[in-house]
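Written out below as structure tokens is the structure these notes cover.
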Amino acid sequence: MGLLEDLQSKVLIGDGAMGTLLHAHGIDNCFEELNITKPEDIFNIHKAYQKAGASVIQTNTYGANFPKLKRYGAEEKVKDINIEGVRLAKKAVGDSGYVLGTIGGIRSFQKSIISLEEIKRSFREQLFWLLSEDVDGLLFETFYDLEELKTVLEIARRETDKPIVTNVSLHEKGVLQDGTPIVKALKILEELGADVVGTNCRQGPYHMLEILEEVPLLDKSFLSAYPNASLPQYVDGRLIYETDPDYFYKTALAFKDQGVRLLGGCCGTTPSHIEAMAKALTNAVPITGKTVKEAPPIEVLSQEIQTQPHLHEIVQENHSIIVELDPPKKLGVDKFLKGAHALQAAGIDALTLADNSLASPRISNLAMASLLKDQLKTRPLIHLTCRDRNLIGLQSHLMGMHTLGFNQILALTGDPSKIGDFPGATSVYDLSSFDLIRLIKQFNEGVSFSGKPLGQKTNFSIAGAFNPNVRHLDRAVQRLEKKVDCGADYFISQPIYSIEQLEDVYKATKSLKAPIYIGIMPLTGAKNARFLHHEVPGIKLSENILTRMERIEHDKEQSAKEGILLAKELIDRAYELFNGLYLITPFMRYELTVELANYIKAKELVSIERKI
Ligand SMILES: Cc1cc2nc3c(=O)[nH]c(=O)nc-3n(C[C@H](O)[C@H](O)[C@H](O)COP(=O)(O)OP(=O)(O)OC[C@H]3O[C@@H](n4cnc5c(N)ncnc54)[C@H](O)[C@@H]3O)c2cc1C
Ligand SMILES: [Zn+2]
């Protein structure tokens with residue numbers, strides 16, 4: 001009898017964890033390589049699970065593919081590890097069970113880490129060797145990325161008629177990381193030819209059972225579940241799971257009542273857990289009908305009422321000034337607040353607050369935004385980089401901004417840590433600026449990264465960064481187009497230092513669907529000019545500007561005046577070409593940006609008077 005025939009009338013017991021069990025015995029290197037270096041250990045574990053009552057045993061080949069073995073320098077051993085993996089499991093099982101050749105998912109939400117092409121290549125190789133040893137079926141498990149699982153399932157289904165079990169792993173309760181509800185995902189997998197579909201890892205019995213209540217029995221495939229032993233605890237650098245086999249005895253019956261026909265264990269489970277489940281389900285009769293719990297109705301989300309036009313709406317229609325005044329690098333906010341007052345008095349549309357620019361710590365820009373809100377009416381535009389926060393932190397921060405009523409964001413990848421004051425600090429980069437823009441757009445639809453309702457829609461206006469100081473301006477503009485496709489409403493540029501460059505940028509971005517604020521930063525002296533020219537990637541000042549600044553190098557006051565004069569010349573042309581002007585305050589010297597803001601305001605007055 002084959003696995004699928006058996007499943008027609010029985011609930012079968014799968015084995016439990018391999019990885020965490022080995023880890024608990026102090027093994028810290030490549031688990032799969034043990035198939036060839038310590039085969040007796042792996043054999044003994046299979047045997048222990050079989051003795052405990054498992055009749056479906058998986059090979060120790062979860063990560064036995066090229067990209068995962070490469071981490072241990074074992075990528076040339078794909079063939080041997082997989083072949084031996086099957087042989088060991090078969091030897092342990094004999095005639096009293098089934099051996100599933102296991103392949104684990106590779107991708108998390110960061111799809112860019114490995115391409116589908118690479119996944120397909122490594123999958124085909126592993127699949128070939130598992131099938132060559134005549135496994136009884138295949139188990140694809142711990143797939144967080146549905147796209148990856150669909151891709152490999154299609155390949156496998158073309159190659160073999162053997163039973164295929166596919167187990168997805170969930171991010172938030174009931175949905176995959178791309179927002180697909182589990183019921184839909186399982187139906188897709190069934191349609192693509194999986195014989196058993198279900199979920200493994202990440203959740204313990206409690207959450208898995210809760211999710212399964214919403215999953216109906218399927219027409220063409222059986223349900224499977226491989227829960228973790230518990231939620232993990234982080235102890236001494238290791239994830240430790242609770243071990244209460246009695247709990248598994250009780251929950252095994254509940255899994256059967258939800259229609260599960262193949263029940264095993266994932267991380268943290270041991271032969272004792274499997275023994276408990278096997279005992280609970282001895283002679284169990286599978287259910288053939290089930291009342292499915294209705295998924296909660298989709299909430300109607302409220303949209304915040306917008307009282308003020310967004311910056312992208314303002315700059316689409318009229319000239320607009322925003323000014324960067326960065327949060328202080330040291331404690332104490334007096335000078336910052338004075339600057340903010342002065343800039344507000346100059347009539348700017350928003351004050352932009354960098355997020356630890358140049359990768360060096362500053363007072364949190366959300367804290368500064370909050371101060372501004374309490375003490376002034378100036379609207380803050382909050383920069384948000386992907387460097388200092390992971391996917392959890394970014395989402396929490398966005399919810400925080402919304403809660404405090406801040407809805408102007410500049411979404412950035414951010415300068416890498418190694419250029420800043422703490423070069424050894426991690427640069428998180430779970431997301432890129434493109435992903436962050438998409439995420440914020442999704443928040444505006446009222447859903448989180450993985451598609452769960454947030455309870456309300458946010459109302460963020462999203463700016464993207466534009467760096468025109470690059471060798472190939474056309475490529476920078478292509479990035480802007482991609483950012484627009486992701487949901488960017490407008491752009492803010494790095495500073496520009498020549499009229500010609502302003503004109504080039506104008507021509508290159510004329511047909512872009514989103515407005516741009518052009519960056520202007522007054523030079524403070526010759527030293528500052530030389531630094532920008534020689535040391536800041538991409539920025540090049542003309543000979544003329546350098547000479548003008550150097551001629552008066554000895555005179556500080558004159559230097560500042562010359563810097564202002566040069567900035568005004570740039571503003572004159574930028575004002576003709578663009579609606580948006582983004583003034584960058586150097587070294588907290590807000591008197592410089594106040595003067596420039598007043599200069600622009602005076603131009604506005606003149607043009608209004610002319611119109612009248
Ligand atoms: C208005 C503005 C405000 C900023 N504020 C901050 C801040 O608060 N905190 C902070 O840390 N940094 C800040 N930066 C710096 C910014 O992170 C870097 O300038 C970055 O290189 C460009 O913006 P981004 O992070 O969105 O990168 P992206 O546009 O996402 O680019 C990411 C990376 O891709 C590469 N790249 C980009 N364009 C090209 C191209 N044309 N050709 C080849 N490679 C390319 C670069 O290596 C770049 O680092 C700001 C930049 C701007 C323009
Ligand atoms: Zn697991």
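No value in this document is a laboratory result; all are computed from the given coordinates. Note that the coordinates shown come from a computational prediction; the quantities given were computed from them, not determined experimentally. When we count neighbours, we look across all protein chains shown, and the Cβ atoms used for this are built from the backbone with ideal geometry, even at glycine.
Would you mind checking the tilt of helix 39-52 against the longest principal axis of the Cα atoms of the chain, expressed as 0 to 90 degrees and rounded to 10? Result, in degrees: 70.
Could you compute the net charge surrounding VAL11? Neighbours are other residues with a C-beta less than 13 Å from the C-beta of VAL11; K and R count +1, D and E count -1. Result for the local shell: +2. Here region 539-612 is treated as an ellipsoid with the same Cα gyration tensor; its semi-axes, largest first and in whole Å, are 26, 14, 12. For the chain, the residue among ILE516, CYS267, ALA48 whose Cα projects farthest onto the positive side of the dipole built from Cβ charges is ILE516. Residues whose amide H comes within less than 5 Å of that of THR352, counting only those at least five positions distant or on another chain, are VAL323, GLU324, LEU325, LEU381 (H built at 1.01 Å from N in the peptide plane).
Around the Cα centre of the chain, unit charges on the Cβ atoms of Lys, Arg, Asp and Glu (plus for the first two, minus for the last two) sum to a dipole of about 860 debye.
Each residue of region 566-581 was assigned a 3J(HN,Hα) from its phi angle through the Karplus expression (A = 6.51, B = -1.76, C = 1.60, θ = phi - 60°), giving 4, 4, 5, 4, 5, 4, 3, 6, 4, 5, 6, 9, 10, 7, x, 10 Hz with x at Gly and Pro. Restricting the calculation to alpha carbons of region 1-103 gives Rg and Dmax of 13.9, 45 angstrom. Ordered by the number of other Cβ atoms lying within 10 Å of each residue's own Cβ, fewest first, ARG573, ARG387 fall into the sequence ARG573, ARG387.
Could you line up ILE600, ILE45 from fewest to most neighbouring Cβ atoms inside 10 Å?
The order, fewest Cβ neighbours first, is ILE600, ILE45.
Only lysines eight or more places from LYS510 in sequence, or on another chain, were considered; those with a Cα closer than 27 Å are LYS441, LYS482, LYS483, LYS540, LYS568, LYS601, LYS603, LYS611.
Counting only DSSP H runs of at least 4 residues, each contributing -39500 (n - 2.57), and dividing by the residue count of the chain, the helix-based mean residue ellipticity at 222 nm comes to -13500 deg cm²/dmol. Peptides 547-559, 267-279 ordered by packing proxy, namely the average of other Cβ atoms within 10 Å per residue, highest first: 267-279, 547-559. Count Lys and Arg as plus one, Asp and Glu as minus one, and take only other residues whose Cβ is under 12 Å from that of HIS171; the net charge is then 0. Cβ-to-Cβ counts within 10 Å put PHE255, PHE336 in ascending order as PHE336, PHE255, the fewest first.
For region 176-186, backbone phi angles converted through the Karplus equation (6.51, -1.76, 1.60; θ = phi - 60°) give residue-by-residue couplings of 7, 5, 8, x, 5, x, 4, 4, 5, 4, 5 Hz, Gly and Pro being listed as x.
Helix 365-375 and the long axis of the chain differ in direction by around 50°, with both axes built from C-alpha atoms.
What is the sum of charges, Lys and Arg at +1 and Asp and Glu at -1, for the other residues whose Cβ falls under 14 Å from the Cβ of LEU262?
On the way: positive: LYS10, LYS256, ARG261; negative: GLU5, ASP6, ASP15, ASP136, GLU141, ASP195.
Neighbour charge sum, excluding LEU262 itself: -3.
Taking the DSSP beta bridges with both ends in the chain, the antiparallel portion is around 10 percent. 3J(HN,Hα) couplings calculated from phi for region 208-215 with the Karplus curve 6.51 cos²θ - 1.76 cosθ + 1.60 (θ = phi - 60°) are, in sequence order, 5, 5, 4, 5, 5, 4, 9, 9 Hz; Gly and Pro show x. Long-range amide H contacts for HIS171: which residues qualify at under 5 Å (H placed 1.01 Å from N, peptide plane, sequence gap of 5 or more or a different chain)? For HIS171, whose amide H was placed from the backbone, the distant partners under 5 Å are GLN177. With unit charges on the beta carbon (Lys/Arg positive, Asp/Glu negative), name the residue among TYR98, VAL196, ILE496 whose Cα is farthest towards the positive pole of the charge dipole of the chain. Working it through, the farthest residue towards the positive pole turns out to be ILE496. Computed over the alpha-carbon atoms, the chain gives an Rg to Rh ratio of 1.09, Rh here being the Kirkwood radius from the mean inverse distance.
Compared with the dominant principal axis of the Cα atoms in the chain, helix 245-257 is inclined by about 90°. Please list, in chain and number order, the residues 5+ apart from LEU523 or on another chain whose amide H is under 5 Å from its amide H, with Hs placed from the backbone. Residues meeting the criterion, in which the H sits 1.01 Å from N, are ALA567.
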